[in-house]
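The values are calculated or read from the model by the stated rules, or taken from the named source; none is laboratory data. What you are looking at is a predicted structure, and each value in this text was computed from that prediction instead of being measured. For neighbour counting, all protein chains shown are included, and Cβ atoms are generated from backbone atoms with ideal geometry for every residue, glycine included.
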Amino acid sequence: MQPGLGIIDGILYLMGCLAEKGQGIVNVSRRAQSDRSKEAQRVIAEALPSVVAGVLTPAELEAMHERLKQLPEPLERARFSRDDWRGAVGVFLLVFVSTFPVVIPFIFMRSAGPPLRVSNVVAIVMLFLTGYAFGRLTGRRPWLVGISMVVLGSILVGLTMALGG
């Protein structure tokens, strides 16, 4: 595990939040500033999920355009919300908690070889448990999903070993 990996993931999460909010501000500005009804409807439809845009009539899209024109001018810049910070902390904790068990053998064993193999076993057990839980959550066969994850993990470990890891 590289130091600070969870922190980097948290930062990337925050950057994604900022980009999404910034794009939202740009889209709202484009929609509201457009005086041409057809162009505004097209921009609004593109911003919506395709399932939603497909069921809206031109009159409904025009009503959205009119309501968007009534919105106050958007913020100059996107800002982080409390939920964004909570999400970043959640991403950090998720990465840290999911990778720390794999690092534990390196803390307690001195040489490089045995802890690496113990770490691989820990990772494969974690893959099985995650696959089993995912199988239960999605209504699939938990054992089959767990074993599939183990096979995938074993292939990845084998490739890593073949490449010198």
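If I ask for residues that are crowded, with 16+ Cβ neighbours inside 10 Å and aromatic (Phe, Trp, Tyr), which ones from region 107-149 would you list?
The answer is PHE128, TYR132.
For the list (1) of a type outside the set (S, T, N, Q); (2) touching a Leu at 6+ places or on another chain (Cβ under 8 Å); (3) loosely packed, with under 14 Cβ neighbours inside 10 Å, I need the number of the one condition that ARG86 fails.
Checking ARG86 against (1) of a type outside the set (S, T, N, Q); (2) touching a Leu at 6+ places or on another chain (Cβ under 8 Å); (3) loosely packed, with under 14 Cβ neighbours inside 10 Å, the one that fails is (2).
Report, by residue number, each residue of region 21-47 that is at pLDDT below 75 and either closer than 30 Å to VAL103 by Cα or among the acidic types (Asp, Glu) (or both).
ASP35
Residue under question is GLU76, and the condition is that it be more than 30 Å from LEU127 (Cβ to Cβ), out of contact with any Leu (no Cβ under 8 Å at 6 or more places or on another chain) and modelled with pLDDT of 75 or more; does it hold?
No; evaluated as a whole, the condition is false for this residue.
Could you tell me whether SER98 is over 23 Å from the mean Cα position of the chain (by Cα) and among the polar types (S, T, N, Q)?
In short, no.
Output the number of the condition that VAL97 fails; it satisfies all remaining conditions of (1) surrounded by 12 or more Cβ atoms within 10 Å (Cβ to Cβ); (2) closer than 23 Å to ASP9 by Cβ.
(1) is the only condition that VAL97 fails.
Which one is nearest to MET161 (Cα to Cα) among residues in region 85-143 that are polar (S, T, N, Q) and modelled with pLDDT of 90 or more?
Here the answer is THR130.
Under 8 Å by Cβ, and 6 or more places apart or on different chains, what pairs join a residue from region 49-61 that is surrounded by 10 or more Cβ atoms within 10 Å (Cβ to Cβ) with one that is charged (D, E, K, R)?
These pairs meet every condition: ALA53/GLU46.
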